[in-house]
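The values are calculated or read from the model by the stated rules, or taken from the named source; none is laboratory data. Note that the structure is a prediction, hence the values are computed from the model and not measured. Reconstructed Cβ throughout: ideal geometry from the backbone, glycine too, with neighbour counts over all protein chains shown. Keep in mind that these areas ignore ligands, DNA and RNA; they rest on the heavy atoms of the full protein, side chains included. Shrake-Rupley method; radii C 1.70, N 1.55, O 1.52, S 1.80 Å.
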Amino acid sequence: MIKNLGIGTGRRKTAVARVYLRDGNGKILVNGIELDKYFPIAEVAGAVRRPLVVTSNDNKFDIVITVTGGGPHGQAGACTHGIARALTQVDPASAT
């Protein structure tokens, strides 16, 4: 059974992302596709990873994201927001 450590919902403009944090080694899937393939622009993919890097959690969790609506930049913003919210469930001290 897969255990979700944290769940977060992120929104930006018309995009909505559901983020599931699981124990792992840093793999990120967006709608079943690897992050770098789903967001081929390096700056956009980097923005999605930013909450993990800032909190030093970039290789601690596997992340599964389902995102709908909006364009690529709106979806990336929603993913970033959702990751940040899920991280605060795992470690509330990282929010400060």
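Observations on the structure shown:
- Farthest towards the positive end of the charge dipole of region 9-54, among the residues 24, 10, 44, is the Cα of 10, using unit charges on the Cβ of Lys, Arg, Asp and Glu.
- Helix 42-54 and the longest principal axis of the C-alpha atoms of the chain enclose an angle of approximately 20°.
- Only helices enter the 222 nm calculation for the chain: every DSSP H run of n ≥ 4 contributes -39,500 (n - 2.57), and dividing by all residues gives -11500 deg cm²/dmol, rounded to 500.
- Inverse mean reciprocal Cα-Cα distance (Kirkwood Rh) of region 1-62, Å: 12.5 Å
- Summarised in one figure, the compactness ratio Rg/Rh of region 17-96, Cα atoms and Kirkwood Rh, is 0.93.
- Listed residues 80, 14 arranged by accessible area, highest first, probe 1.4 Å: 14, 80
- For region 46-82 versus region 1-22, the spacing of their alpha-carbon centroids is 9 Å.
- Between 0 and 90°, nearest 10: helix 72-90 axis offset from the chain longest Cα axis: 10 degrees
- Net charge of the neighbourhood of residue 67, taken over other residues with C-beta under 13 Å away and scored Lys/Arg +1, Asp/Glu -1, is +4.
- Placing +1 on the Cβ of every Lys and Arg and -1 on the Cβ of every Asp and Glu, with no other charges, gives the chain a dipole of roughly 280 debye about its Cα centre.
- Under a 5 Å amide H cut-off, with hydrogens placed 1.01 Å from N, residue 28 pairs with 35, 63 among residues at least 5 apart or on other chains.
- Long-range amide H partners of residue 5 with built H, under 5 Å: 21, 22, 23
- Computed with a 1.4 Å probe over protein heavy atoms only, the accessible area of residue 73 comes to about 120 Å².
- Solvent-accessible heavy-atom area per residue, rounded to whole Å², over the chain at 1.4 Å: 57 Å²
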